[in-house]
Amino acid sequence: MNAVEARDLVKEFSGKRTVRALDGVSIDVRPGSILGLLGPNGAGKTTVVRILSTVLVPDAGHARVLGHDVVREADIVRRLIGLAGQYAAVDENLTGRENLRMVGRLTHLPKKITLERSDTLLEQFGLSDAANRTLKTYSGGMRRRLDLAAALVGRPPILFLDEPTTGLDPQSRQDLWVVIEGLVRAGTTVLLTTQYLEEADRLADRIVVVDHGRVIAEGTPAELKADLGTTVISLTVPDSATARSVAAILSPLAPRPPVIDDATVELTVEEAPRVAAEALRALDQHGVTVVGLTLREPSLDDVFLRLTGHRAEEVAEVASGATSSDEGGTPSHDREGRR
Ligand SMILES: Nc1ncnc2c1ncn2[C@@H]1O[C@H](COP(=O)(O)OP(=O)(O)OP(=O)(O)O)[C@@H](O)[C@H]1O
Ligand SMILES: [Mg+2]
């Protein structure tokens, strides 16, 4: 049995304009694993989490947590889950310790157990020294850790983490990753939403990519990246006209068409050092000046660009009503999701 199972979830929000936030999303989370739900702003990630945590009722489809229906058995489901992240239910005016104790009271834990667990969690998350300070004085990283601690007071077997590290500095992000990994080692099942491929890559056993309320790809991190190639070679040339001819010259060197972004041409390849050397030789032969060359791991943006034909931040702009210029010459993309 899957720890979490959602089938064909549909959710619309009506306002000035009806938004179909979820348009048939299905996910499975195996017991003791981390599923990364990856997608840009407005993709529907929080809506999935809110349905699974019984805050919202889906318009169609159904979902189960440890076999219990999130609508018909919402009370049972609530006792099985912990929720941390975007819409955290912590109180700014209470101290760290008071917040954890309040969670214990709200979940009807015996007082003695609440006190013990609160202190253990504060210790475990490096918050003992700040335990008696109000949250107003906490840094972003401390807040996220307290928020996660609050979700753990009830020792839930299932944890929903909605963008747990968004806005954190790299060190705080790493620290939180270590904490989450520890929880999973101890048997917790985690559904984590994120906008960062790097985060999903590090933590998730499987990734489901959502965009516009639909699943557009899924697989292990290795599968998703293998689909792209392992390294992105990014070449900057003097202007966008040159970039277009460079793309034509370099096209035979990569399995997929180069992506042009203004005066930059990107190739996603397996053997970056060899291809980069070949590319430079070819451009030299054609008398093209290369202004910059970088190699990097594929990012969420690259995954998105391949899957949807637009970059993640453009999706966000479109979603928020801004106009986006048409990327003429965008190569055709494989829209078929992975199994
Ligand atoms: N209560 C609501 N009323 C109206 N529209 C909503 C509501 N909640 C979500 N939406 C819309 O549904 C879509 C999906 O939103 P959701 O919050 O699930 O996205 P998300 O993937 O969590 O995005 P983000 O990364 O920004 O948190 C968006 O277009 C959003 O504007
Ligand atoms: Mg969200």
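Summary of values
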| item | result |
| --- | --- |
| Scope the stretch 178-206; condition assigned to a loop (DSSP other than H, G, I, E, B) and either small (Gly, Ala, Ser) or within 19 Å of residue 39 (Cα to Cα) (or both); matching residues | 186, 187, 195, 196, 204, 205 |
| Residues that are within 16 Å of ligand 2 (Cβ to nearest atom), β-branched (Val, Ile, Thr) and in contact (Cβ under 8 Å) with a residue 12 or more places away in the chain, drawn from the stretch 18-39 | 25, 27 |
| Candidates 126, 104 - the one that is surrounded by 15 or more Cβ atoms within 10 Å (Cβ to Cβ), modelled with pLDDT under 95 and away from ligand 1 (no atom under 15 Å from the Cβ) | 104 |
| In the stretch 149-177, residue surrounded by the most Cβ atoms within 10 Å (Cβ to Cβ) [restricted to those that are within 16 Å of ligand 1 (Cβ to nearest atom) and in a loop (DSSP other than H, G, I, E, B)] | 164 |
| Tally, over the stretch 190-247, of residues that are modelled with pLDDT of 95 or more, charged (D, E, K, R) and assigned by TED's automatic domain parsing to the domain that holds residue 148 | 3 |
| Search result, residues across the stretch 61-88 that are within 13 Å of ligand 2 (Cβ to nearest atom) and surrounded by fewer than 24 Cβ atoms within 10 Å (Cβ to Cβ) | 85, 86, 87, 88 |
| Flag for residue 92 being free of Cβ contacts under 8 Å to residues at least 24 places away in the same chain, more than 9 Å from ligand 1 (Cβ to nearest atom) and among the acidic types (Asp, Glu) | no |
| Scan of the stretch 40-60 for residues that are near ligand 2 (Cβ under 9 Å from one of its atoms) and part of a loop (DSSP other than H, G, I, E, B), ordered by number | 41, 42, 43, 44 |
| Residue identified as at positive phi and out of contact with any Lys or Arg (no Cβ under 9 Å at 6 or more places or on another chain) among 182, 219, 213, 187 | 187 |
| Qualifying residue in the stretch 114-124 (condition: within 27 Å of residue 31 (Cα to Cα), of a type in the set (Val, Ile, Thr) and free of Cβ contacts under 8 Å to residues at least 60 places away in the same chain) | yes |
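One line per residue, one yes/no per condition, for (1) of a type in the set (S, T, N, Q); (2) closer than 30 Å to residue 225 by Cβ; (3) under 16 Å from the mean Cα position of the chain (by Cα):
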| residue | (1), (2), (3) |
| --- | --- |
| 179 | no, yes, no |
| 185 | no, yes, no |
| 193 | yes, yes, yes |
| 199 | no, yes, yes |
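The values are calculated or read from the model by the stated rules, or taken from the named source; none is laboratory data. These figures come from a predicted structure and were not determined experimentally. Note: ideal-geometry Cβ built from the backbone for every residue, glycine included; neighbour counts use all protein chains shown.
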